[in-house]
Amino acid sequence: MSGNQPTALCVLVCWATLLPIGCSHLDQPTAMPRIAGPWWTVARNPDLGELNGPPAGNPNHPQEPVDFAIWQAADGSWQIWSCIRNTKCGGLTRLFYRWEGKHPTDRDWTPMGIAMQADLKYEARAGGLQAPYVIRIGELYHMIYGDWDWLMIQRSQDGKTFERWLYPNGKPGMFTEGPEVNARDPILIKIGEVWHCYYTAFPNKIGAVFCRTSKDLRAWSESKVVARGGLTGTSPYSCECPHVVRVGDWFYLFRTQRYAGPPTTSVYRSKDPMDFGIDEKADDKFVCLLEVAAPEIVFHDGRYYIAALLPDVQGIRVARLAWVTDTLERKSPRDR
């Protein structure tokens, strides 16, 4: 997520309990994601030493932890890598920082230091690292991340130390939507025998969620727009941090519009993972709004958790997540 500017929404936003508001025209009861308990903080804005950027409250772009990945490493420990923006690392000011915890319910995980910086031998932009996402496939962990223009890939055996997975050209770049459109914020899920990589970009300054597919994580299809517009608008930041979760026969797309003031994420659902609604059809697939930013959903030991940014964008928090069946009359958010 670039998250450079907040996007105005002319809709109501769920408050502290995050009760579902505004339902879609779907033909059967809608399973709604709902925060099922208090939040706890797992990571706070780190001390980067000589690379520290402006502190919180500084009007000139303070240092902030933003898009992140959360996963369990091979030794059972839990890992978070977050993009830290507005640091003094140079270029586009972004690097990856790591924390470690013993369990998702732990508070204040241990800061482990800077995990990665952009290397112009591999990445296209100095200081351009964005939005890691990690998934374990067999015995290897795969991390998809952005370098501002390309989506890149690296791998790890232990889930802690990663190495770039290079293509024949000596680069780890999988694909791009082109220069200056900021392809970023990937998530990777397998549907049947095919991997689906969802991400966002803003060609012509219009934000959208894209998807590409692959059977081997090396050869990728052409991109397809799977979500855009609707109540969120079409600004470059209207479809950030796409996160797709399968619950039963349905696929749920979480996409963020604002980091703060308040944080805002819209949730959509579809039985077709390649269609979450485009423009006027997007609202037909709308489920609810959540007062969170850059969410990741984790399923562990039979329970769902949601991780998201702190409301002041100074750290990362976790809470239990429940799926609640809505039996009320359902209306489009434009009808409310």
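The values are calculated or read from the model by the stated rules, or taken from the named source; none is laboratory data. Keep in mind that this is a model prediction, so the values were computed, not measured. Cβ coordinates were reconstructed from backbone atoms using ideal geometry, including for glycine residues, and neighbour counts include every protein chain displayed.
Observations on the model:
- Consider the stretch 256-270 and keep the residues that are over 15 Å from Met32 (Cα atoms) and of a type outside the set (A, V, I, L, M). The one that is modelled with the lowest pLDDT is Gly261.
- Here the condition is being in contact with a Pro (Cβ under 9 Å, 6 or more places away or on another chain), in a loop (DSSP other than H, G, I, E, B) and farther than 26 Å from Asp312 by Cβ; of Ala124, Ala56, Ala118, Ala74, it holds for Ala124 alone.
- Matching residues, the stretch 212-229, being surrounded by 21 or more Cβ atoms within 10 Å (Cβ to Cβ) and touching a Lys or Arg at 6+ places or on another chain (Cβ under 8 Å): Ala227
- Applying the condition of being in a strand (DSSP E or B) and among the β-branched types (Val, Ile, Thr) to the stretch 77-101 and asking which residue is nearest to Gln157 (Cα to Cα) yields Ile80.
Residue-by-condition table, conditions (1) assigned to a strand (DSSP E or B); (2) in contact with a helix residue (DSSP H, G or I) (Cβ under 8 Å, 6 or more places away or on another chain); (3) closer than 15 Å to Ile187 by Cβ:
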| position | (1), (2), (3) |
| --- | --- |
| Thr256 | yes, no, yes |
| Pro262 | no, no, no |
| Thr265 | yes, no, yes |
| Pro273 | no, no, yes |
| Phe276 | no, yes, yes |
| Cys288 | yes, no, no |
| Ile297 | yes, no, yes |
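- Picking from residues in the stretch 59-71 that are in contact with a Pro (Cβ under 8 Å, 6 or more places away or on another chain) and under 13 Å from Arg94 (Cα atoms), the one that is surrounded by the fewest Cβ atoms within 10 Å (Cβ to Cβ) is His61.
- Cβ pairs under 8 Å, 6+ apart, first in the stretch 269-286 and without any contact (Cβ under 8 Å) to a residue 40 or more places away in the chain and over 15 Å from Gly207 (Cα atoms), second of a type in the set (Asp, Glu) and in a loop (DSSP other than H, G, I, E, B): Lys271/Asp249
- Test result for Thr7, of a type in the set (S, T, N, Q), more than 26 Å from Tyr237 (Cα to Cα), modelled with pLDDT under 95 and buried (at least 17 other Cβ atoms within 10 Å of the Cβ): no
- Residue check for Ile297: closer than 25 Å to Gln72 by Cα, β-branched (Val, Ile, Thr) and crowded, with 24+ Cβ neighbours inside 10 Å: no
- Qualifying residue in the stretch 134-142 (condition: surrounded by fewer than 22 Cβ atoms within 10 Å (Cβ to Cβ), of a type in the set (Asp, Glu) and more than 29 Å from Phe202 (Cα to Cα)): yes
- Just one of (1) β-branched (Val, Ile, Thr); (2) surrounded by fewer than 21 Cβ atoms within 10 Å (Cβ to Cβ); (3) in contact (Cβ under 8 Å) with a residue 40 or more places away in the chain fails for Thr200. It is (2).
- Some residue of the stretch 154-161 being assigned to a loop (DSSP other than H, G, I, E, B) and touching a Lys or Arg at 6+ places or on another chain (Cβ under 6 Å): no
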